[in-house]
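The values are calculated or read from the model by the stated rules, or taken from the named source; none is laboratory data. Keep in mind the model is a prediction, meaning the values are calculated, not measured. Using ideal geometry, Cβ is built from the backbone for each residue, glycine included, and neighbour counts are taken over all protein chains shown. Note: areas computed on protein heavy atoms with side chains; ligands, DNA, RNA excluded. Shrake-Rupley method; radii C 1.70, N 1.55, O 1.52, S 1.80 Å.
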Amino acid sequence: MGCLGNNKNADRYDERRRMVEEQIKNRGIHDERIIQAMIEVPRHRFVDQGQQVYAYDDRPLPIGYGQTISQPYIVAFMIEALIPAPSHRVLEIGTGSGYAAAVLSRVVAEVYTIETVKPLFETAKKRLKELEYTNVHLLCGDGTKGWPEAAPFDGILVSAGAPLVPKSLVDQLAPGGRLVIPVGGRINQSLLRITRGADGELVQEELAMVRFVPLVGEEGW
Ligand code: SAH
């Protein structure tokens, strides 16, 4: 018997390489650090046993409580839209499975992530600890209010669809910081990037049409 602990294939490494070639690189994601992070993070460990066979497919998957883990490409696309740097501190709203937070944690210095559904928060917290993503900080609560004690952030990523841009999140952006957020209807949204300039002025860009579960809460649905 070989040593399983040293065998990358034992943790479905080849499937992740293929996922990254076919779904990520082929669609124009170029940031080498995001690509490495997606090869590294074991997506199958972020879904229930029954979903693990589909973990490297090109689609979102159910994670319970009516919520989903996003399609791998969307995770890569949104992180790239933040234009992340190794020194950055990033806030994510909608921890869900914890997968996007884990990928982000390989690309920036510190990740702060908020989930409103208690059991999802508990599972994500346990999982991220087991997998030793020690630079991810989790909170259970309404993410539309942000995380004032940890603000300001170089990037804020919202993994659920909002009716309007929450003012609290814009207020927690550092100068030069970027907020990436789906905004629109309950089913379809436009993915926006809002950048705070060095002088505090805000610039808004529309990046793509997307489909996210609703962002619920005081500044959400
Ligand atoms: N990033 C996740 C996918 C999350 S799906 C992953 O990689 O698995 C969106 C998540 O946002 C859901 O888990 C939902 O419960 C959560 N959510 C919705 N409104 C929220 C709010 N106001 N604050 C925090 N989380 C919220």
Point to revise | Number of the condition not met by Met209 [criteria: (1) in contact with a Ser or Thr (Cβ under 8 Å, 6 or more places away or on another chain); (2) within 16 Å of Thr116 (Cβ to Cβ); (3) open to solvent by 70 Å² or more (accessible area, probe 1.4 Å)] | key: (2)
Practice item. Please determine, by comparing only the residues of the range 139-162 that are open to solvent by 40 Å² or more (accessible area, probe 1.4 Å) and either out of contact with any helix residue (DSSP H, G or I) (no Cβ under 9 Å at 6 or more places or on another chain) or among the aromatic types (Phe, Trp, Tyr) (or both), which one is nearest to Val107 (Cα to Cα). Key: Asp154
Review point. Quick one: which of Ala101, Ala85 is in a helix (DSSP H, G or I) and either in contact (Cβ under 8 Å) with a residue 60 or more places away in the chain or under 17 Å from Val47 (Cα atoms) (or both)?
Key: Ala101
Study note, to complete from the structure: Within the range 91-102, residues being near the ligand (Cβ under 8 Å from one of its atoms) and either aromatic (Phe, Trp, Tyr) or within 18 Å of Arg178 (Cα to Cα) (or both) number 6
**Study point:** Those strands (runs of 3 or more DSSP E) lying entirely in the range 172-221 with at least 3 residues among the β-branched types (Val, Ile, Thr) and within 14 Å of the ligand (Cβ to nearest atom)
**Key:** 173-184
Practice item. List the number of the failed condition for Ile93; all other conditions in (1) under 13 Å from the mean Cα position of the chain (by Cα); (2) closer than 19 Å to Ile34 by Cβ hold. Key: (2)
